[in-house]
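Okay, structure first, notes after.
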């Protein structure tokens, strides 16, 4: 046994492979308005129906002319004006020019624009103090996007700039994969909804809100089944109802080894557990399996453990089920400003703050406390310090692997 083999705990890489082998991507397709498509996943490639720009146009306010005019180096006669949306359709000889605004269609036969600041107007003639190079200050037809060019790939999660590009092409609707349906179940006698009054030994339930917020950013459909007490019958009923509606059932709490932790027992009764307990810190008691109609993720009850296991384990699998093509996260290798405590055996996702000094050099500070119940370690940090299973404690100034938080958790 090596230092990274922990008896009874499955390595993260092996767990991810098991989950990937079990799930399959959704195939149901919806046609949605561009205004409703933010963070939806494309169901097919998008090919441009047109050129962008659709015609050559001016990149500056100035005067359009034919570049051969500069060889004469004489004033140009102003013969017309071209505005954005109002082209100039008249003729223009080599010794003539057209006043043109940014974005206006470049008149036929003209190929260069001189900036207004480099000119002086005297009556109907334009004196050019600094002649531009041939073709300068022109946006050519199709220089951004050409007709029939593939602009967005199937599996792309649509962001704001993607929507702008689609709108610029005149596309009003897109085909997307239907939303993943996710059921949320919180378990525990000690849990109370925020806004209530705490009795002795009770705590406010926070995991559901964290998960719901991340699901909202993923634009997935979710249903909150509330707080279920530590009761086999109630848990069984909740899981059966959730399984009938959802593609994914997520519970938090009840997968540990306490005498009142019934979630694992219910899951074994209603379905099959693929694995339980991973070599990850925080979040060792993480479960994955199948119910009759859905997959389930059993998250630990501690807030940090639940958040990290959802973000690092469940969410990538759900994004794949949504049909999304996922790029590897940006990973940095930079010095830690403090020593970090760790025992070999589990992959550790410590929370930290990515810093940049006046010289532009990056380093990372560890959060003051790394307990699995300290949710402030997530809200006040901006990155993970990822320590591999075989790693022990880290000395100050030692290079560590850092993964900045993504937009789904920040």
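Observations on the structure shown:
- Computed over the range 312-371: relative contact order in percent, which uses C-alpha pairs under 8 Å that are six or more apart: 29 percent
- Cα pair distances in the chain, grouped into 20 Å bins until the bin that holds the longest one, percent each: 22, 38, 23, 15, 2
- Comparing Cα centroids, the range 180-195 and the range 87-116 end up 65 angstrom apart.
- Inter-label distance, residue 198 to residue 401: 3.6 nm, where each label sits 7 Å from its Cα along the C-beta direction.
- Likely footprinting exposure, 197, 331, fewest C-beta neighbours within 10 Å first: 197, 331
- More than 22 angstrom apart: percent of Cα pairs within the range 57-139: 9 percent
- Shape analysis of the range 169-211 places it in the prolate category; the axes a ≥ b ≥ c from the Cα gyration tensor give an a/c of at least 1.5, with a/b above b/c.
- At R0 = 22 Å, FRET efficiency that the Cβ-Cβ distance of residue 341 and residue 379 yields, to 0.05: 0.50
- Each helix, a run of at least 4 DSSP H residues, gives -39500 (n - 2.57); summed and divided by the residues of the chain, these come to -5000 deg cm²/dmol at 222 nm.
- Mean separation of Cα contacts under 8 Å, 6 or more apart, over the residue count of the chain: relative contact order %: 16 percent
- Calculation over all alpha carbon pairs of the range 293-410 in 5 angstrom steps from 0 returns a P(r) of 2, 10, 19, 23, 20, 13, 7, 3, 1, 0, 0 percent.
- Rg ratio (alpha-carbon, reference 2.2 N^0.38 Å) - the range 1-138: 2.03
- Averaging Cα coordinates gives a centre for the range 28-62 and one for the range 310-372; these two points are 34 Å apart.
- Nearest-0.05 FRET efficiency for residue 173 and residue 148, computed from C-beta distance (R0 30 Å): 0.95
Read-outs: derived from the displayed coordinates by stated rules, not from any lab. All of these numbers come straight from a predicted model, not from anything done at the bench. Neighbour counts are summed over all protein chains in view; Cβ atoms, including those assigned to glycine, are modelled from backbone coordinates with ideal geometry.
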